[in-house]
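The block underneath contains the structure these notes are about, expressed in structure tokens.
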Amino acid sequence: MKIFNFITHTHNKYTKKVAILIPYYNNSKTISTPLKSFLKLKYPHKLLKIIICDDCSNIEGECEKLNEIVQGYKKHFDITIYQNKTNVGSALNRAALFNHLLKEKDIEYFAYVDADDKLKPKFFNCCFDVQIKNDYKYDVVCAFKIRSKFGHKKIANFLKLDTWSLWGKLYKTSWYASTFYSTKIANYTEDLTFWYININIKRQTCLIHKKLYIYVKNCSSMSHERNNFDKNGLDLCRNCEIILKDKNYYFCKLVLAEFAYFKSFYLNYFQSKGGEIYEDFKKALNTAI
């Protein structure tokens with residue numbers, strides 16, 4: 001992993017086609033946010049492909065609203081919308097997006113953008129400045145820096161990233177295709193678990209110490225809505241089980257500490273499981289971090 005001191009190379013010519021993958025679910029009120037930010041991108045628009053995958057939105061008229069909004073941007077970008085036949089959840093919807101990307105020709109790089117977030121104008125320019133300077137050797141370029149909560153920095157360091165979010169990164173398509181997206185990943189903390197299960201897959205990572213991805217906190221999102229507390233807690237426990245099966249008590253403790261507001265939930269969950277998984281959970285709780 002290399003930390004790159006940010007330099008702008010105005011003389012470089014950008015030639016790589018890039019896909020922007022947007023997972024969508026009942027996001028008609030926010031989808032204009034990322035689309036408007038794309039209009040300000042300095043990277044050549046003709047090299048951008050936008051792919052949106054609607055995860056079977058359940059609000060009446062949502063599909064029509066999405067198509068109506070996107071229509072206004074099609075004169076600027078090549079945009080394709082896909083519809084899932086059933087709701088598969090955020091983890092598998094991202095996988096579906098990537099599978100749609102693989103149908104495209106000559107797209108060597110891509111980035112995930114949430115349906116309510118923004119890219120700064122030089123996001124792709126800065127990422128490719130690094131790639132050009134280093135002969136395109138990087139599989140992942142991280143351009144998203146967030147303030148660290150307890151444990152978050154340690155988790156990111158363990159995973160050799162600046163943050164374990166899937167957002168704010170430029171991926172080499174061929175590298176990402178070499179990873180696997182386990183169907184066992186639950187839909188909350190799924191990006192953390194994605195990096196964990198793929199931690200041993202060789203990758204060249206570069207960190208840009210610039211905040212070029214703007215995360216917009218959405219109080220109605222799955223992560224923040226109180227109605228989803230039990231579901232999110234269950235997802236967290238399922239993902240912790242993946243870690244505990246590897247007997248990785250240290251990393252599991254980091255995750256449990258980061259999401260300490262679920263403490264009563266995961267105590268009850270693993271106690272009800274009993275057996276070896278409960279014993280492993282207790283070892284994780286007693287591990288020093």
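The values are calculated or read from the model by the stated rules, or taken from the named source; none is laboratory data. Worth saying up front: this structure is predicted, and the values here are computed from it rather than measured. We place every Cβ from the backbone using ideal geometry, glycine too, and count neighbours over all the protein chains shown. Note: areas computed on protein heavy atoms with side chains; ligands, DNA, RNA excluded. Shrake-Rupley method; radii C 1.70, N 1.55, O 1.52, S 1.80 Å.
List of remarks:
- Unique residue being in contact with a helix residue (DSSP H, G or I) (Cβ under 8 Å, 6 or more places away or on another chain), at negative phi and not aliphatic (A, V, I, L, M) when the list is 133, 118, 122, 153: 118
- Looking across the range 156-205, not a single residue is small (Gly, Ala, Ser), under 18 Å from residue 89 (Cα atoms) and in contact with a Phe, Trp or Tyr (Cβ under 6 Å, 6 or more places away or on another chain).
- In the set (1) in contact with a strand residue (DSSP E or B) (Cβ under 7 Å, 6 or more places away or on another chain); (2) under 25 Å from residue 174 (Cβ atoms); (3) modelled with pLDDT under 95, the condition left unmet by residue 63 is number (2).
- Those helices (runs of 4 or more DSSP H) lying entirely in the range 116-209 with at least 2 residues of a type outside the set (Gly, Ala, Ser), touching a His at 6+ places or on another chain (Cβ under 7 Å) and in contact (Cβ under 8 Å) with a residue 24 or more places away in the chain: 123-133
- Annotation note: Cβ proximity below 8 Å between a residue of the range 24-41 that is more than 10 Å from residue 118 (Cβ to Cβ) and open to solvent by 10 Å² or more (accessible area, probe 1.4 Å) and a residue that is β-branched (Val, Ile, Thr) and not in a loop (DSSP other than H, G, I, E, B) (sequence gap 6+ or interchain) occurs for 28/69; 32/69.
- Residues in the range 183-204 that are open to solvent by less than 50 Å² (accessible area, probe 1.4 Å), at pLDDT 90 or above and farther than 16 Å from residue 155 by Cα: 1 in all.
- The lone exception for residue 46 - which of (1) surrounded by fewer than 18 Cβ atoms within 10 Å (Cβ to Cβ); (2) more than 30 Å from residue 209 (Cα to Cα); (3) more than 19 Å from the chain's Cα centre (by Cα) it fails: (2)
- Residue within the range 70-79 that is surrounded by 15 or more Cβ atoms within 10 Å (Cβ to Cβ), of a type in the set (Gly, Ala, Ser) and either in contact with a Leu (Cβ under 9 Å, 6 or more places away or on another chain) or closer than 27 Å to residue 175 by Cβ (or both) present: no
- Scanning the range 210-249 for residues that are open to solvent by 10 Å² or more (accessible area, probe 1.4 Å), modelled with pLDDT of 85 or more and either touching a strand residue (DSSP E or B) at 6+ places or on another chain (Cβ under 7 Å) or not in a helix (DSSP H, G or I) (or both) yields 211, 212, 214, 215, 246, 247, 248.
- Residues satisfying the stated conditions in the range 84-99, i.e. without any contact (Cβ under 8 Å) to a residue 60 or more places away in the chain and either more than 13 Å from residue 57 (Cβ to Cβ) or open to solvent by less than 40 Å² (accessible area, probe 1.4 Å) (or both): 84, 96, 99
- Residue count for the range 257-278, restricted to those that are within 18 Å of residue 154 (Cβ to Cβ) and at pLDDT 95 or above: 0
- Taken together, the residues in the range 100-117 that are open to solvent by 10 Å² or more (accessible area, probe 1.4 Å) and within 19 Å of residue 30 (Cα to Cα) amount to 2.
- Scanning the range 118-144 for residues that are closer than 22 Å to residue 32 by Cβ and either at pLDDT 95 or above or surrounded by fewer than 21 Cβ atoms within 10 Å (Cβ to Cβ) (or both) turns up 118, 119, 120, 121, 122, 123, 124.
- Within the range 15-44, being under 19 Å from residue 101 (Cβ atoms) and either hydroxyl-bearing (Ser, Thr, Tyr) or touching a Pro at 6+ places or on another chain (Cβ under 9 Å) (or both) holds for 15, 20, 22, 24, 25, 41, 43.
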